[in-house]
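The values are calculated or read from the model by the stated rules, or taken from the named source; none is laboratory data. If you're wondering where the values come from, they're calculated on a predicted model, not measured in any experiment. Reconstructed Cβ throughout: ideal geometry from the backbone, glycine too, with neighbour counts over all protein chains shown. Just the protein is used for accessible areas: all its heavy atoms, side chains included, with ligands, DNA and RNA removed. Shrake-Rupley method; radii C 1.70, N 1.55, O 1.52, S 1.80 Å.
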Amino acid sequence: MAMLFFMTAMNYADRSTLAITGAAIQSSFGISPVTLGYMFSAFAWTYVLAQIPGGRILDRYGSKRVYAASMFIWAVFTFSMGFVIGLPVALGIAALFALRVLIGLVEAPIFPANSRIVATWFPAAERGTTSALFTSASYFAKVVFAPLMGWITQSFGWQYVYMLMGTIGVVITLVWLRVVYAPKEHPRINRAELDYIVAGGALIDMDSPENTQSKKINPAETVATWPCVREILASRMMLGILIGQYCVTTLTYFFLTWFPLYLVHDRGMSILKAGFVAAIPAVCGFAGGILGGLVSDYLLKRGMSLTAARKIPLVLGMLLSTCMIICNYTNVEWVIITLMALSFFGKGFGALGWGVMSDVVPKQASGLASSLFNGIGNLAGISTPIVIGYLVNDAGNFSAALVFVASHAIGAIFCYLVVVGPIKRLVLKTSLGSAVR
């Protein structure tokens, strides 16, 4: 769990580098909000497209190796972004865009791998907390790295942010390779622990070496990619979860990309101050993320149904996140920061999508199902930065953008209350064994 937390924190810190350095890059290259919006979204283009192939790679080779390769390569690409500053303007913008596209490509398997590892190692009654912990790492990344990156940008130059993050990425990848194992292969595990997590519904064999070699997999337990995708999308429960994740991820990408620039451009803060202020809502998001998982698992242990235990925190959190709209009606700085902190807390409290996925993924295609979930969710990474870029460019401020973001919280509530229905593990029928028929 500690490794999932820190790996995910690094993943999100990498995604937020452009948000912190964006104002400085705008100044260096003279780009408009619309162009910056497209640069923000560049990551998500390939990130989304690579989800299904990434999921199949996870199912074939297992989480440990795929995760390590992904982290190492993105770290190298991130480090390379620090050397763009000396290029001519047009070439520099193109290089930044291309590197963000490549980073999105190689980061694709990471969140599906998180979900896969949670399903492998943790019983159902602990998955809400566990998934909330690795999801809350996105807020922890802002708490720790936003002030650091803001200070580095203002004191030394934005290029050093990318060099630092790339170096840290390589180091943490080496740690991952040293300490992470599948349950049966862990050197310190004992039979009592294995029996405990199996009794709670953990799929301990899913990432074992013998199950990540295609020649040893039972053909009747395999699925072909597109028949499986069609079966997942044909499930009303899964469709509601997928669209709901898109809505929740819209809020994520606002805070991940445009929020620091909102503080700079609409609220007149310096880059350094924006970096520190952006950490305040992130602390609240981190607390909300952990608390939402704890509350969900507490409700489950108290005898509430899995459906109710997952939906109640999500709905309450999404309702609270809509308070960001009130920022349009005040210019008092501490009020704005408080409202954004409450909004971020609500977003964290309600961000239980990955916990739900650990509860519902079919065991024969957990990587594929998680990748589809992550891919559809991260379509918001394409649309949100671009739409906000146009809204800000047209209005000259973020008022319409805040309404746009908050409306997606209402969309998530609708999906879970009206579309999803009972939450339970999806059992494949029509696509099971289709790979060999």
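Excluding same-chain neighbours fewer than eight residues apart, the aspartates and glutamates reachable from Lys184 by a Cα-Cα span under 14 Å are Glu193, Asp195, Asp205, Asp207, Glu210.
In the stretch 1-131, taking the dipole from charged Cβ atoms about the Cα centre, the farthest positive-side position among Phe97, Pro109, Thr46 is held by Pro109. Across the accessible surface of the stretch 125-207, with the other protein chains kept in place and a 1.4 Å probe, carbon and sulfur atoms take up 64 percent.
In nm, what is the difference between 0.36 nm times the number of residues separating Ala125 and Ala234 and their Cα-Cα distance?
Values: separation 109, 0.36 × 109 = 39.24 nm, distance 2.75 nm.
Stretched fully, the Ala125-Ala234 segment lengthens by 36.5 nm.
Solvent-free Debye calculation, one equal scatterer per alpha-carbon of the stretch 122-201: log10 I(q)/I(0) at 0.20 Å⁻¹ equals -1.01.
Taking 25 Å as R0, compute the FRET efficiency from the Cβ-Cβ separation of Glu333 and Ser407 and round it to 0.05. The pair Glu333/Ser407 has a calculated efficiency of 0.50.
Among Gly92, Gly166, Gly37, the largest mean-square fluctuation in a Gaussian network model of the chain, built with springs joining Cα atoms closer than 10 Å, belongs to Gly92.
Sequence gap at least 6, Cα distance under 8 Å: using those rules, report the relative contact order of the stretch 292-427 to the nearest whole percent. RCO, the stretch 292-427: 34 percent. When nucleic acids and ligands are ignored and a 1.4 Å probe is applied, Glu193 ends up with an accessible area of around 80 Å². Ranking Lys301, Lys64 by solvent-accessible area of protein heavy atoms (1.4 Å probe, all protein chains present), from largest to smallest, gives Lys301, Lys64. Bridging of Lys273 to lysines at a Cα separation below 20 Å is possible for Lys142, once same-chain residues fewer than 8 apart are set aside. Accessible surface of Arg56, taken over heavy atoms with a 1.4 Å probe and every protein chain present, rounds to 70 Å². Here the extension length gained between Arg267 and Tyr298 equals 7.2 nm, from 0.36 nm per residue of separation less the Cα-Cα distance.
When each of the peptides 372-382, 194-204, 321-331 is scored by how many other beta carbons lie within 10 Å of its residues on average, the order from highest to lowest is 372-382, 321-331, 194-204. Straight-line cross-link reach from Lys424 at under 17 Å between alpha-carbon atoms covers these aspartates and glutamates, not counting any fewer than eight positions away in the same chain: Glu126, Glu231, Asp297, Asp359. Computed on the chain, with alpha-carbon pairs under 8 angstrom and 6+ residues apart, the relative contact order is 28 percent. Counting only whole DSSP H helices of the chain, the ones at least 18 Å long by C-alpha along their axis and with mean Kyte-Doolittle hydropathy no lower than 0.0 are 2-15, 33-49, 63-81, 89-107, 124-155, 159-179, 236-253, 271-301, 306-321, 333-350, 380-395, 399-414. How big is the convex hull of the Cα atoms of the chain, per residue, in Å³? It is 130 Å³ per residue.
The modelled label-to-label distance for the pair Tyr181/Ala94, using points 7 Å beyond Cα in the direction of Cβ, is 5.0 nm.
Counting heavy atoms of the protein chains alone, Val179 has an accessible area of about 60 Å² for a 1.4 Å probe.
For the stretch 1-109, a crude dipole built from +1 on the beta carbon of Lys and Arg and -1 on the beta carbon of Asp and Glu, taken about the Cα centre, is about 240 debye to the nearest 20. Each stretch of four or more DSSP H residues adds -39500 (n - 2.57); spread over every residue of the chain, this sum gives -24000 deg cm²/dmol at 222 nm.
Peptides 414-423, 180-189, 105-114, 147-156 ranked from most to least packed, by the mean per-residue count of other Cβ atoms within 10 Å: 105-114, 147-156, 414-423, 180-189. Extension gain for the segment Val171 to Ser305, taken as residue separation times 0.36 nm less the Cα-Cα distance, is 44.0 nm to one decimal.
How large a share of the accessible area of the stretch 273-377, in percent, is made up of carbon and sulfur atoms when the probe is 1.4 Å and the other protein chains stay in place?
On the way: 2570 of 3530 Å².
Roughly 73 percent, rounded to a whole number.
Per residue, the accessible area of the chain comes to 37 Å², computed with a 1.4 Å probe over protein heavy atoms only.
Once the Cβ-Cβ distance of Ala199 and Leu49 is raised to the sixth power relative to R0 = 51 Å, the FRET efficiency obtained is 0.85. Calculated FRET efficiency, Ser155 to Met1, Cβ-Cβ distance, R0 = 35 Å: about 0.50 to the nearest 0.05.
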